[in-house]
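Written out below as structure tokens is the structure these notes cover.
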Amino acid sequence: MAESSLSPVLIAGGEVIDATGRRHADVRIAEGAVVEVGASLAADGAQVLDAAGCIVSPGFVDLHTHLRQPGREEAETIETGSRCAALGGYTAVVAMPNTTPAMDNAGTVREVLELGRTALCEVVASGAITLDRAGTQLAPMAELASLGVRIFTDDGTGVQDDRLMRRALEYASGLGVTLAQHCEVTSLSEGTCMHEGAWSSRLGLPGQPSEAEEIMVMRDIALARLTGARVHFQHLSTAGSVALVRAAKTEGLAVTAEATTHHFTLTDACVAGYDPVFKVHPPLRTDGDVAAVRAGLGDGTIDAIATDHAPHTTEDKERPFDAAPPGMLGLETALALAITELTGDGAGPRLELSDVIALMSWRPAAIAGIDERHGRPITAGEPANLCVFDPTATWVVDPAQSASRSRNTPYAGRILTGRVRHTILAGTPTVIDGAATR
Ligand code: DOR
């Protein structure tokens, strides 16, 4: 994370929304913290960031970012990925462990944390659950937890072995950390490249049934019940998964869940042109699944909006659909997609702006275990990790403008509403007027 700025900043003329409510107020920041919140504060030599017509909120937290470093720096680096994050209003991202080598050892986790120190957002390291994410032997979870790792996942794949998953949950519970699961039963998904349904039949592509996800969600709910450990479900994509998590929460189990922006905005019909930009794991599902994910975001079954920002080089993404790697960019478009698709008059429950901010800020901050620094109420004494965005500004997604090293956004040409204007990390602006400061 960047050093705190000593020069004071005044965010002037905006409307503050945080977990305590909303009010029109200026926000003065000095030495990394909020020092004053009130009406018509004097500049007093501070750098003034205009927030007229804007919302001032706690910075966003992404539970699911692939930064690709070490190992795939041609697709993204910690620096470029964190720049995308800052431009998207994020002040922290959880870096997924499917790097090369995997983040299954202290050396690699230290390397990521060290590179994160100069990034444009806080880089929170996740740790792999199993060695090399291979699903056979537990990673040194206690050692990684001693470095500050609070969230473990084999993301990109799920832990297939029931006994190993039980053991991992028992360790996690003892260490006070959270296991996050990419739910996918490989015996059902192997060799597939999209959702199994009417579109896969029509396109002649091998499909993966919803059950490939739901069977693992079901098993992990059972294991959460057995062990009493916390389980976080990553990128839920099916109506059945949402229903399972809803029932588990009603039962009082310690489960949480995230949904990605693409799983509440795109369907398997997008695959009709065989464009690999629409290939992702879990795959894009049906209208009914999208509606269920939106309902889950609306009723609290799903705790957080995540991006699953997954950069891939153009060369890789231009392979035929079945051979191309899965994944899409997400950090720079997430807020605008949430505002455009969830707060308008579209299908599904209509969310308030404050609900969207909760899903992107303080709720994921709590799941990541960083809620003492991120998602905080905007009051004097709190760390100044903030986002200022214009909820009515419209813009057109242009992959060429992305700060990522990759270009694989499925939203090219889409007109979206809601744009980040300024982002402040530990008191220092990382984005001013829509441009990264470095
Ligand atoms: O689409 C995906 N891409 N899903 C994953 O789980 C992994 C990710 C990646 O690393 O590219």
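On average over all directions, what projected area in square nanometres does the range 218-286 have, based on the convex hull of its Cα atoms?
Its Cα hull, projected and averaged over all orientations, spans 4.8 nm².
With a cut-off of 8 Å between alpha carbons and a minimum separation of six or more residues, what is the relative contact order of the chain in percent?
Across the chain, relative contact order equals 20 percent.
Given an 8 Å cut-off on Cα distances and at least 6 residues of separation, report the relative contact order of the range 120-225 as a percent.
Answer for the range 120-225 is 21 percent.
Under a Cβ-only charge scheme (Lys and Arg +1, Asp and Glu -1), can you give me the dipole magnitude of the range 144-300 about the Cα centre, in debye to the nearest 20?
The dipole magnitude comes to about 400 debye.
Where the only charges are on Cβ atoms (+1 Lys, Arg; -1 Asp, Glu), what is the dipole of the range 34-83 about its Cα centre, to the nearest 20 debye?
Dipole of the range 34-83, to the nearest 20 debye: 140 debye.
Go through 334-342, 130-138 and give me the packing order, highest mean Cβ count within 10 Å leading. Don't skip to the end; give the middle numbers.
On the way: 334-342: 23.9, 130-138: 16.2.
Packing order, densest peptide first, comes out as 334-342, 130-138.
Evaluate the charge dipole of the chain about its Cα centre and quote only its size in Debye, nearest 20, assuming +1 on the Cβ of each Lys and Arg and -1 on the Cβ of each Asp and Glu.
In debye, rounded to 20, the chain gives about 260.
Out of all DSSP beta bridges with both ends in the chain, state the antiparallel percent to the nearest 5.
Bridges in the chain that DSSP calls antiparallel: roughly 50 percent.
Suppose each label sits 7 Å from its Cα in the direction of the beta carbon; what would the residue 254-residue 437 distance come out to in nanometres?
3.8
Taking only the C-alpha atoms, wrap a convex hull around the chain and report its volume per residue in Å³ as a whole number. Numbers along the way, then the final one.
Working: hull volume 53.5 nm³, N = 438.
So the per-residue Cα hull volume is 122 Å³.
Do you know the relative contact order of the range 374-423, to the nearest whole percent, from alpha carbon pairs under 8 angstrom that are 6+ apart?
It rounds to 45 percent for the range 374-423.
Starting from one equal scatterer on each C-alpha and no solvent at all, send me the Debye-based log10 I(q)/I(0) for the range 304-409 at q = 0.21, 0.24 Å⁻¹, two decimals.
Values, matching the q order: -1.18, -1.27.
Once amide H atoms are built 1.01 Å from N in the peptide plane, which residues 5 or more positions from residue 67, or in another chain, come under 5 Å H to H?
96
Just from its helices, what would the mean residue ellipticity at 222 nm be for the chain, if runs of 4 or more DSSP H residues each count -39500 (n - 2.57) and the sum is divided by every residue, rounded to the nearest 500 deg cm²/dmol?
After summing the helix terms and dividing by the residues of the chain, the value is -8000 deg cm²/dmol.
Collect residues whose amide H, placed 1.01 Å from N in the peptide plane, falls under 5 Å from the amide H of residue 35; neighbours closer than 5 in sequence don't count.
Result for residue 35 returns 28, 29, 30, 381.
Any idea how far the Cα center of the range 374-438 sits from the one of the range 232-270, in Å?
Value for the Cα centre distance between the two parts: 26 Å.
Which length gain, in nm to one decimal place, applies between residue 42 and residue 7 when the Cα-Cα distance is subtracted from 0.36 nm times their residue separation?
Difference between extended and current length: 11.1 nm.
Could you check the spin-label model distance between residue 24 and residue 167? Points 7 Å from the Cα along Cα→Cβ, value in nm.
6.2
Which one of 39, 77, 51 has its Cα pushed farthest toward the positive end of the charge dipole of the range 1-110, where Lys and Arg give +1 and Asp and Glu give -1 at the Cβ?
Working it through, the farthest residue towards the positive pole turns out to be 77.
Stretch residue 287-residue 299 to full length: gain in nm at 0.36 nm per residue minus the Cα-Cα span?
Length difference between fully extended and current span is 2.5 nm.
At q = 0.15, 0.16, 0.22 Å⁻¹, what log₁₀ I(q)/I(0) does the range 153-296 have when each alpha carbon counts as one equal point scatterer in the Debye sum?
Computed log10 I(q)/I(0) values: -0.71, -0.80, -1.33.
Computed from the coordinates by the stated procedures, all read-outs in this text should not be read as laboratory data. A quick note: this is a predicted structure, and the numbers were derived from the prediction, not measured. Cβ atoms come from the backbone with ideal geometry, glycine included; neighbour counts cover every protein chain shown.
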